[in-house]
There are 2 protein chains.
Amino acid sequence: MFYIIGLGLCDEKDITLRGLEAVKSSSRVYLEAYTSILMVQKDRLESFYGKELIIADRDMVESESGSDGILKDADKEDVSLLVVGDPFGATTHTDILLRARNLGIPTRVIHNASIMNAVGASGLQLYNFGQTVSLVFFTETWKPDSFYDRIKENADGGLHTLVLLDIKVKEQSEENLARGRKIYEPPRYMTVPQAVSQLLEIESLRGEGVLDPEKTLAVAVGRVGGEFGPPLHSLVIVGKRLHHLEVEYGEMFAEKQSGRREGRERWRKVAREVYSVALD
Amino acid sequence: MFYIIGLGLCDEKDITLRGLEAVKSSSRVYLEAYTSILMVQKDRLESFYGKELIIADRDMVESESGSDGILKDADKEDVSLLVVGDPFGATTHTDILLRARNLGIPTRVIHNASIMNAVGASGLQLYNFGQTVSLVFFTETWKPDSFYDRIKENADGGLHTLVLLDIKVKEQSEENLARGRKIYEPPRYMTVPQAVSQLLEIESLRGEGVLDPEKTLAVAVGRVGGEFGPPLHSLVIVGKRLHHLEVEYGEMFAEKQSGRREGRERWRKVAREVYSVALD
């Protein structure tokens, strides 16, 4: 059996009992380590699960030869691929599942929380989210802005937008890439201030009034289930179809974040005056 | 500490290790049993978790007196509320969390998979979903159709729509309600054929061409993580922004479902001709 197992969002204890059983029964356990990151290190996972973990990088999971290596003998014994969040967060996992099935290998997916549903911890209702967008690191010459149209589509329908922030793991510099040197840059994670700055850069170029520093509410989402601190972070652009319970839940964070009543008052003021939410 | 713990989608083994720890440390454990259902019975959960479970119905979780009962002494000892899926699937849980915090009770949410992210198991990319809609049981006189506009908004943007199907748990008949008798009807779960029939009924009334039995692709989603069979089921209306990998993943189900190649061929034909997906 080939298992793809979601690890959830935070640490080694977020695996499900069903997932842990599969890990323990597996002769090889891979840890996918590029579409997202856990808050804990590999060795801590290894000692907790009592299994050695083989790091599976992008080459391995996405190439045919690499994935054939992962799937080797999975028709005769159990093999697991561990994935941060839920297995269906990234296209690459449907890909390897398709390959397994074409090879006649039985497969099983073990689900877990991912940012796509745990973003509900912001207090914003999942029903009111539109399409999700990704924001990549801009360079001097490459500033893809298709996310802007999608946020606008969502905003026009009054919907919230989950903005996933770029991570760069095992990336090569242009020089190392050109010279074929397998030397990798340290991992980089986009922060919320960087994301906001990129969003406003595109707003100033496009000028369609989708994002306004004075009039758009947004919620920064940290490690859901852990403490706010290290990456990954995400951002939610709040849509106009906003319910007073969503405002009330969010204002706890506004107060905490700014460390004073002012943040909360400003949050409520914009909700009332710009979003037209009836509040006491 | 007041814990709200997601149980995931399938059975007693879908709880996370963190969730199980919280259950074991709690002096009282409530099981919320109306916004969704698990595939297993209460007594099986009780023997597996080694804890007696107190059923929390809608009156209990949503009323102030009821939730105060749940939250009693949670400032001094651990109390858990178990919820099918993830705690942020339904408004009611932000409500009880807000109440706890207003009472000065520390809270912690333990996330899990829910249909909102596990629907990725359909092979349809979560990025390409628009807003989620709910479909309630129609009666002779009550056929709310606001979902139609939302599916249309999603379809106009090329997006998929997750349609959550109604469940009726602990509902009273009009007569019993009128007479104040606490007698409840057996639980009812909307099936996919019922859902399709209601959708097409509204299409024929509204006539805006959003749904067409010959031209609209849809995926029925069963118990994700379990075998397709008992409720809950959900339905995805497939949007036009469809990727060939999504078609290829979906065709496995089309074949399995119809039990012959015909289903698969029809799925591919509509994907190619109506959705304009380039396929081999």
> Pairs, please: C-beta under 7 Å, at least 6 apart or cross-chain, first residue closer than 11 Å to B:Phe138 by Cβ and in segment B:181-199, second of a type in the set (Val, Ile, Thr)?
Replying inline: B:Ala195/B:Val163
> Mind checking which residues of segment A:50-67 are closer than 20 Å to A:Ala22 by Cα and open to solvent by 10 Å² or more (accessible area, probe 1.4 Å)?
Replying inline: A:Gly50, A:Lys51, A:Glu52, A:Ile54, A:Ile55
> Can you tell me which residue in segment B:229-269 is nearest to B:Ala118 (Cα to Cα), limited to those that are modelled with pLDDT of 95 or more and β-branched (Val, Ile, Thr)?
Replying inline: B:Val236
> Counting just the residues of segment A:117-153 that are among the acidic types (Asp, Glu) and in a helix (DSSP H, G or I), which one comes out nearest to the other protein chains (Cβ to nearest Cβ)?
Replying inline: A:Glu153
> Which residues, counting only those in segment A:100-109, are more than 7 Å from chain B (Cβ to nearest Cβ) and either open to solvent by 20 Å² or more (accessible area, probe 1.4 Å) or not in a loop (DSSP other than H, G, I, E, B) (or both)?
Replying inline: A:Ala100, A:Asn102, A:Leu103, A:Gly104, A:Pro106, A:Thr107, A:Arg108
> Across segment A:68-88, which residue is surrounded by the most Cβ atoms within 10 Å (Cβ to Cβ) among those that are part of a helix (DSSP H, G or I) and either acidic (Asp, Glu) or more than 14 Å from chain B (Cβ to nearest Cβ) (or both)?
Replying inline: A:Ile70
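B:Leu97: farther than 29 Å from B:Val236 by Cα, within 10 Å of chain A (Cβ to nearest Cβ) and buried (at least 20 other Cβ atoms within 10 Å of the Cβ), yes or no?
Details: farther than 29 Å from B:Val236 by Cα: yes; within 10 Å of chain A (Cβ to nearest Cβ): yes; buried (at least 20 other Cβ atoms within 10 Å of the Cβ): yes.
So B:Leu97 fits the description; yes.
Can we say A:Gln172 is among the polar types (S, T, N, Q), assigned to a loop (DSSP other than H, G, I, E, B) and either on the phi > 0 side of the Ramachandran plot or within 14 Å of chain B (Cβ to nearest Cβ) (or both)?
On the way: among the polar types (S, T, N, Q): yes; assigned to a loop (DSSP other than H, G, I, E, B): yes; either on the phi > 0 side of the Ramachandran plot or within 14 Å of chain B (Cβ to nearest Cβ) (or both): no.
Considered against the rule, which asks whether it is among the polar types (S, T, N, Q), assigned to a loop (DSSP other than H, G, I, E, B) and either on the phi > 0 side of the Ramachandran plot or within 14 Å of chain B (Cβ to nearest Cβ) (or both), A:Gln172 comes out as no.
The values are calculated or read from the model by the stated rules, or taken from the named source; none is laboratory data. Everything numeric here is computed off the predicted structure, so don't read it as measured data. Positions of Cβ are backbone-derived with ideal geometry, glycine not excepted, and every protein chain shown enters the neighbour counts. Heavy atoms of the whole protein, side chains included, go into the accessibility calculation; ligands, DNA and RNA do not. Shrake-Rupley method; radii C 1.70, N 1.55, O 1.52, S 1.80 Å.
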